[in-house]
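The block underneath contains the structure these notes are about, expressed in structure tokens.
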Amino acid sequence: MGKCGLVALVVAAVSVLLGERIVNLRKRTFASRELVNNHLPNCVPLKNLNDGSEDITVFGDGLAFVSNGLKYPGICSSDAPGKIFLLDLKESRVRPIELRVARNFDLETFNPHGISVYTDPNDDTVYLFVVSHPHHKSQVELFKFVEEELSLMHLKTFKHELLNSVNDILALGVDRFYATNDHYFSNELLKMIVEPVMCQPWTNVVYYSPETVKVVSEGYYFANGINISPDKRYVYVMDLLDHKVHVLEMKEDHALDFVKAVDVGSLCDNIEVDPKTGDLWLGCHPNGWKVFNNDLKDPPGSEVIYIKNINSEEPLVTQVFADDGHKIIGSSVATTYGGKLLIGSIFHKALWCDLD
């Protein structure tokens, strides 16, 4: 075979491989899925959250933190610095309040992603952990919530080579947490082109403490949301591109043992856990292919999945809300309070809906 023939053969082989990988990626992102709307009554958008509400976590007596303004490669986003908002879900009209951050913190590069709250059982001090991506890097910021001043006091920045592409975080104490890495590589080109095309189970969950930093669970196609059961026995990890919630048992040394995986039928993002029932609420992307197309004429839709009795032999998976992108684009989180459902999104608005 001549040199030209060999080159042609290699090009043909690469083209076939690339085509097969793109077909596989389209399947995993449900690129051909047509969504049927399943709306809830009295859904109203919350003011001041038009640049996204990628993650929301409820704490205390009906208070909630919201991360706003995420800038993620390939995703439509605002140029404004990221912010953290506070909601009081007990109010008849919920009003997002931007929290002031003390001057010892660089707000210009603040790029908040996943969040988690730890409340000190000794004095009820509330600590907020925030995944941030300054200059598209990954680190975790620790703040103390000063409620009477409606402010956040920055305490510490956590960095480590194993925290290379952090998506979400689960606080376990004031200096320890679990974190999900949604990509294997740190390089933007490899993350946004090579990894999606290859679509291999390379991502993981990392445990961080002052004593040790280690990978405690791996083999995810896109490790995303993470949360914990009310009894602190089970950790839940969302594999967005495998459409499954992994149930893991936490050991004394913080290792995570696989128990089972529950299929959710969508590309689900963050996980919120009902503190009373232990049931899961998931903000999901019914057609993930559209999320990266940024076509406002055919916007990515939104979906909320509810999982009842997840630790039983027969958990019940239910679609609670679905929208084709005309009410809310790219839902990433959902949580409940007082018979209401709060739905957040990557870069769009947030909705406050009646569940009944």
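Report, in degrees rounded to the nearest 10, the 0 to 90 angle that the Cα long axis of helix 3-28 makes with the longest principal axis of the chain.
On a 0 to 90 degree scale, this one is about 30.
How far, in nm, would the chain grow between Ser209 and His135 when pulled straight, counting 0.36 nm per residue and subtracting the alpha carbon separation?
Full-extension gain reported as 24.2 nm.
With the contact rule set at Cα under 8 Å and sequence spacing of 6 or more, what percent relative contact order holds for the chain?
On the way: 931 pairs, mean separation 59.9, N = 356.
Averaging sequence separation for qualifying contacts and normalising by length gives 17 percent for the chain.
How far, in nm, would the chain grow between Glu108 and Asn24 when pulled straight, counting 0.36 nm per residue and subtracting the alpha carbon separation?
Values: separation 84, 0.36 × 84 = 30.24 nm, distance 3.86 nm.
Gain on extension, Glu108 to Asn24, equals 26.4 nm.
Restrict the search to the range 274-356; then list the trypsin sites (Lys or Arg not before Pro) that DSSP places in a loop and that have at most 12 other Cβ atoms within 10 Å of their Cβ.
Lys276, Lys297
What lysines could a cross-link reach from Lys290, if we take a straight Cα to Cα line under 24 Å and drop same-chain neighbours fewer than 8 places away?
Partners within reach: Lys27, Lys71, Lys191, Lys244, Lys327, Lys349.
Suppose each label sits 7 Å from its Cα in the direction of the beta carbon; what would the Asn122-Gln200 distance come out to in nanometres?
Result: 4.6 nm between the two label points.
Shape verdict for the range 154-257, please, from the Cα gyration tensor: rounded (a/c under 1.5), prolate (a/b greater than b/c) or oblate.
Here the range 154-257 falls in the oblate category.
Taking 30 Å as R0, compute the FRET efficiency from the Cβ-Cβ separation of Ile97 and Lys276 and round it to 0.05.
0.70
Using 0.36 nm per residue of separation minus the Cα-Cα distance, give me the extension gain between Ile75 and Asp175 in nm, one decimal.
Working: separation 100, 0.36 × 100 = 36.00 nm, distance 3.11 nm.
Stretched out fully, the Ile75 to Asp175 stretch lengthens by 32.9 nm.
If I model a spin label as a point 7 Å beyond the Cα along the Cα-Cβ vector, how far apart are those points for Lys232 and Lys251 in nm?
1.9
At Asp295 and Val36, where each label point lies 7 Å from the Cα along Cα→Cβ, what is the point-to-point distance in nanometres?
2.3
Laboratory data are not the source of any read-out in this text; all were calculated from the coordinates shown. Only a predicted model underlies this, so the values are computations on that prediction, with no experimental measurement involved. A quick note on method: Cβ atoms are made from the backbone with ideal geometry, for glycine too, and the neighbour counts reach across all protein chains shown.
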